[in-house]
Amino acid sequence: DAKTTQPPSMDCAEGRAANLPCNHSTISGNEYVYWYRQIHSQGPQYIIHGLKNNETNEMASLIITEDRKSSTLILPHATLRDTAVYYCIALDTGRRALTFGSGTRLQVQP
Amino acid sequence: GAVVSQHPSWVICKSGTSVKIECRSLDFQATTMFWYRQFPKQSLMLMATSNEGSKATYEQGVEKDKFLINHASLTLSTLTVTSAHPEDSSFYICSARDMDRRGYTFGSGTRLTVV
């Protein structure tokens, strides 16, 4: 699986958009980009995933660069409940498991 | 959406006893489930891959005789921590892959404390 690099921490003001970057410069053509988040003492929560095209759902948007070497997760209107560790994972989905790095600790400030 | 139920959410046991953790996929069939362990302030570490009807595949450094995994049906995998010791105290999380949605769904985790 391609290695991903994320900043260790970020702050965001409540109500503003949170833009979380992820670098995956060695990603291969059949690897998806997954985003999960983990709120303290809970299991990870699925946010979004994509292959090439930008994706949007009720939680977030995923912007993948044309060369697929990086992506950005956008939470359009961050709330205090979005405070969590966010994980970006590149994976060729077969029967393999998600491998978690250190993630980005997002702190939403009131 | 896909739901994975994990039980119990927390357990306290004495050293030397065994503890069983259950992981169920509620609205989909999961031929493959995964077990993770997470220590405080650390990321999730994959312990093993559980395959329905066959033996689990353990990650390097994980003792298969200590962490027994059974995946007897398409909706249930269990992790048994045998002869638990205080150093086994951790947050254990299961995950299942929903083949139709191409997603991985996680249980809510089990906080194990061995005293």
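Please treat every number below as a calculation from the coordinates, not as lab data. These numbers come from a predicted model, not from an experiment. Every residue, glycine as well, gets a Cβ built from its backbone with ideal geometry; the counts of neighbours run over all protein chains shown.
Partner shielding of B:104-110 amounts to 5, given as the average count of beta-carbon atoms from other chains within 10 Å of each residue beta-carbon. Separation of region B:53-115 and region B:7-45, taken as the distance between their Cα centroids, equals 5 angstrom. With contacts taken as Cα pairs under 8 Å at a separation of at least 6 residues, chain A carries a relative contact order of 37 percent.
Here the Debye sum runs over all C-alpha atoms of the protein assembly as shown as equal scatterers in vacuum, and log10 of I(q)/I(0) at q = 0.09, 0.13, 0.15, 0.18 Å⁻¹ comes out as -0.37, -0.77, -1.00, -1.32.
With a 10 Å cut-off around each Cβ of A:40-48, the average count of Cβ atoms from other chains is 6.
With a 10 Å cut-off around each Cβ of A:101-110, the average count of Cβ atoms from other chains is 1. Is the shape of chain B best called rounded, prolate or oblate, per the rule: a/c under 1.5 gives rounded, else a/b larger than b/c gives prolate, else oblate, with a ≥ b ≥ c the square roots of the Cα gyration tensor eigenvalues? Since a/c reaches 1.5 and a/b is larger than b/c, the shape of chain B is classed as prolate.
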